[in-house]
Amino acid sequence: MTNRKIEYWVIPPEADAEFAAHMEAVLDLYAKPYDPNRPVICMDEQPVQLQRETRTPRPATAKHGQRVDYEYERAGTASIFMFTEPLAGWRQVCVRRKRTKVDWAIEVARIVEERYADGERVQLVCDNLNTHTKGAFYEAFEPERARALVRRLDFCYTPKHGSWLNIAENELSAMTRQCIDGRRFGDLDQLRAETAAWSSDINHSQRGVDWQMKVEDARCKLASVYPKIKF
């Protein structure tokens, strides 16, 4: 028997009306022109294992790269929140110890109240986790502030098993490859410093995201996602 390499793909569901509806909502949002008063923001998150060195690494020399001992000490976990405004070419990484409803609400509030303080509304693209809810703001803040935040947010949820539609996932993947993979971070401060440096560098050197897929493309290329209408 011939061994064949297994390839991992994001395989879309078939005849899933809910998937199609959420997908088209996201694609419609991406197709809108830039509006500073109603910016489109995408967010995603991921856990990171903190690892503390048990021996001092040896610095790089002309003959050898930096040498790090293979042993390390587990130092807990952290959660990375990625926010990106695709049309503005902006992204920001926030690091917290946990990713509870309160953690999420605090980070979203910071973005809305600081960067977009003068905007009318913020259109937020995210996956439909049980932490990404309007109620999360009421767990984090007094009702007056929570309601003020909710009134300025329009949620646009990606479909289940459709996280590839979230541009923040792409940014998070790039940040992981360029900044985190193959490295050890012993504490939150170190992880915050390195991810902040990454986002600052990318914001200065990279333009916005040119999302190509439209609703018409989805209806053609992902026809199997749409239910067959029976009369």
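A few notes on this one:
- Residue selected from region 79-91 under the condition over 20 Å from Arg183 (Cα atoms), of a type outside the set (Asp, Glu) and within 15 Å of the chain's Cα centre (by Cα), by the criterion surrounded by the most Cβ atoms within 10 Å (Cβ to Cβ): Thr84
- Count of region 150-172 residues, restricted to those that are free of Cβ contacts under 8 Å to residues at least 40 places away in the same chain and of a type in the set (Val, Ile, Thr), is 1.
- Within region 35-47, at least one residue is closer than 22 Å to Arg177 by Cβ, of a type in the set (A, V, I, L, M) and outside any helix (DSSP H, G or I).
- Any hit, region 111-122, residues being among the hydrophobic types (A, V, I, L, M, F, W, C), in a helix (DSSP H, G or I) and touching a residue at least 24 places away in the same chain (Cβ under 8 Å): yes
- Looking across Phe19, Phe83, one residue alone is in a strand (DSSP E or B), aromatic (Phe, Trp, Tyr) and over 21 Å from Arg184 (Cβ atoms). It is Phe83.
- Of the residues making up region 96-122, those that are surrounded by fewer than 18 Cβ atoms within 10 Å (Cβ to Cβ) and touching a strand residue (DSSP E or B) at 6+ places or on another chain (Cβ under 7 Å) are Arg97, Lys98, Arg121.
- Residue count, region 49-68 (criterion: closer than 21 Å to Leu188 by Cα and in contact with a Pro (Cβ under 9 Å, 6 or more places away or on another chain)): 1
- Selection of region 182-206 for residues being free of Cβ contacts under 8 Å to residues at least 60 places away in the same chain and aromatic (Phe, Trp, Tyr) yields an empty set.
- Filtered residue count, region 119-156, keeping only those that are within 15 Å of Phe83 (Cα to Cα), of a type outside the set (A, V, I, L, M) and touching a helix residue (DSSP H, G or I) at 6+ places or on another chain (Cβ under 7 Å): 4
- Per-region count, region 200-227, residues at pLDDT below 90 and not β-branched (Val, Ile, Thr): 5
- A Cβ distance below 6 Å, combined with a sequence gap of six or more or placement on separate chains, defines the contacts here; from region 88-110, residues that are over 21 Å from Pro36 (Cα atoms) reach residues that are part of a loop (DSSP other than H, G, I, E, B) in the pairs Lys101/Thr131; Trp104/Thr131.
- The residue pairs whose first member lies in region 208-231 and is farther than 18 Å from Ile11 by Cβ, whose second member is among the aliphatic types (A, V, I, L, M) and not in a helix (DSSP H, G or I), and whose beta carbons are closer than 7 Å, counting only pairs six or more residues apart or on different chains, are Lys228/Ala15.
- Candidate set: region 151-199, residues that are polar (S, T, N, Q) and within 30 Å of Ala15 (Cα to Cα); chosen: the one modelled with the lowest pLDDT: Ser163
- As a summary of the residue check, Val150 satisfies the conditions (1) in contact with a strand residue (DSSP E or B) (Cβ under 7 Å, 6 or more places away or on another chain); (2) more than 15 Å from Pro47 (Cα to Cα); (3) not charged (D, E, K, R) except for the one numbered (1).
- Any hit, region 57-78, residues being of a type in the set (Ser, Thr, Tyr), exposed (fewer than 12 other Cβ atoms within 10 Å of the Cβ) and under 20 Å from Cys179 (Cα atoms): yes
The values are calculated or read from the model by the stated rules, or taken from the named source; none is laboratory data. Small disclaimer: the values here were computed from a predicted structure and weren't measured. Cβ atoms come from the backbone with ideal geometry, glycine included; neighbour counts cover every protein chain shown.
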